[in-house]
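Input: a single structure, listed below in structure tokens.
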Amino acid sequence: MTVKQQLENLLKKRILVLDGAMGTMIQRYKLQEEDYRGHRFKDWPYPLKGNNDLLSLTQPHIIGEIHRQYLEAGADIIETNTFSGTTVAMADYHMEDLVYELNVESARIARQACDIYTTQFPEKPRFVAGAMGPTNKTASLSPDVSDPGFRAITFDELRVAYKLQAEALLDGGADILLVETIFDTLNAKAALFAIDEIQEERRIDIPIMVSGTITDASGRTLSGQTADAFLISISHLNLLSVGFNCALGAKQLTPYLETVARNTEFYVSAYPNAGLPNAFGQYDETPATMVTQIHEYLDKGLVNIVGGCCGTTPDHISAIAAAVSNYEPRIPRPLALA
């Protein structure tokens with residue numbers, strides 16, 4: 001049985017739990033510049049504090065411990081520490097040449113943690129999702145208001161960058177590729193095109209999760225797509241799931257999940273923030289409050305995979321895991337032909 005078949009069998013039986021925020025957990029360690037550098041990069045000529053992906057090389061025990069906390073909380077799927085793991089994003093730290101190693105090692109750390117828990121609890125297998133973030137550039141919009149035709153990056157440059165990341169994640173042991181926090185669907189299409197190339201070259205069927213982000217009350221992505229338009233623009237692909245994460249809290253995400261759930265044959269995922277950030281950029285929503293709002297997803301039968309994004313912790317994931325255990329999963333139904 002392939003991993004994709006295994007996941008599909010599980011998704012028919014129950015709602016799966018995704019982990020919570022990596023960055024929120026890293027902040028708890030109060031790491032300084034020297035912690036990010038470690039011994040290997042102590043003489044690196046550029047600042048490195050804030051490069052969380054690098055911690056997979058310099059502080060792997062911390063990343064492993066965070067994974068273990070989420071697995072202990074009940075997560076079925078954990079994300080690799082690779083949100084910024086492309087040559088595009090790593091250019092900020094002049095670390096483009098480290099991208100393959102960063103992704104392989106991040107996947108390996110997550111794989112090791114999952115394998116331990118799967119061995120201990122074979123009735124609850126755990127899976128590694130290779131996190132592929134949106135990069136810090138957009139292919140659809142100009143960063144220069146005086147030159148609307150200018151683009152900071154091309155589709156092909158994104159495709160090449162994403163392909164390197166995806167290959168490394170798979171080589172490190174990722175089960176799933178998760179194209180997430182999509183604010184520009186053209187960027188996501190580059191990632192998905194690259195994944196498709198890998199599937200053809202390696203003759204494998206990769207479980208692919210796609211997760212967009214609605215940036216504000218307008219109900220649109222940053223590049224202007226509604227939930228409907230976002231779904232239509234990626235629905236030609238063979239995906240495991242589609243859904244939304246980040247930007248909004250669980251309550252604010254509900255109407256967009258409703259749109260996706262009634263218009264797709266794919267499984268639906270949701271991993272919202274722990275509410276909206278306060279004036280200091282912090283997230284105050286408690287696990288109990290968040291779960292109360294997520295019950296609306298469950299009561300309406302909207303989701304198959306649920307987790308947390310910014311501000312969420314193992315306590316939030318534990319509460320979500322307890323809540324979903326009492327519900328049947330959403331059953332995807334073939335859409336009627338027009």
Residues of the range 168-188 classified as crowded, with 20+ Cβ neighbours inside 10 Å, at pLDDT 95 or above and not in a strand (DSSP E or B), total: 6
Qualifying residue in the range 312-323 (condition: assigned to a loop (DSSP other than H, G, I, E, B), modelled with pLDDT of 95 or more, in contact with a helix residue (DSSP H, G or I) (Cβ under 8 Å, 6 or more places away or on another chain) and buried (at least 24 other Cβ atoms within 10 Å of the Cβ)): yes
Hey, Gly243 surrounded by 15 or more Cβ atoms within 10 Å (Cβ to Cβ), modelled with pLDDT of 95 or more and of a type outside the set (Phe, Trp, Tyr) or not: yes
Selection count where residues are in a loop (DSSP other than H, G, I, E, B), of a type outside the set (Val, Ile, Thr) and touching a residue at least 24 places away in the same chain (Cβ under 8 Å), scope the range 212-223: 5
Pick from the range 247-289, criterion acidic (Asp, Glu) and in a loop (DSSP other than H, G, I, E, B), ranking: nearest to His236 (Cα to Cα): Glu265
The range 21-52, residues that are assigned to a helix (DSSP H, G or I), over 19 Å from Met90 (Cβ atoms) and touching a residue at least 24 places away in the same chain (Cβ under 8 Å): Thr24, Met25
Candidate set from the range 202-223 (those that are surrounded by 14 or more Cβ atoms within 10 Å (Cβ to Cβ) and farther than 22 Å from Ala174 by Cα); member that is modelled with the highest pLDDT: Thr213
Residue check, Thr80 closer than 23 Å to Ala274 by Cα, of a type in the set (Val, Ile, Thr), crowded, with 17+ Cβ neighbours inside 10 Å and out of contact with any helix residue (DSSP H, G or I) (no Cβ under 7 Å at 6 or more places or on another chain): no
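The values are calculated or read from the model by the stated rules, or taken from the named source; none is laboratory data. None of the values given here were measured: they were computed from a predicted structure. In this analysis, Cβ positions are derived from the backbone assuming ideal geometry, glycine residues included, and neighbour counts consider all displayed protein chains.
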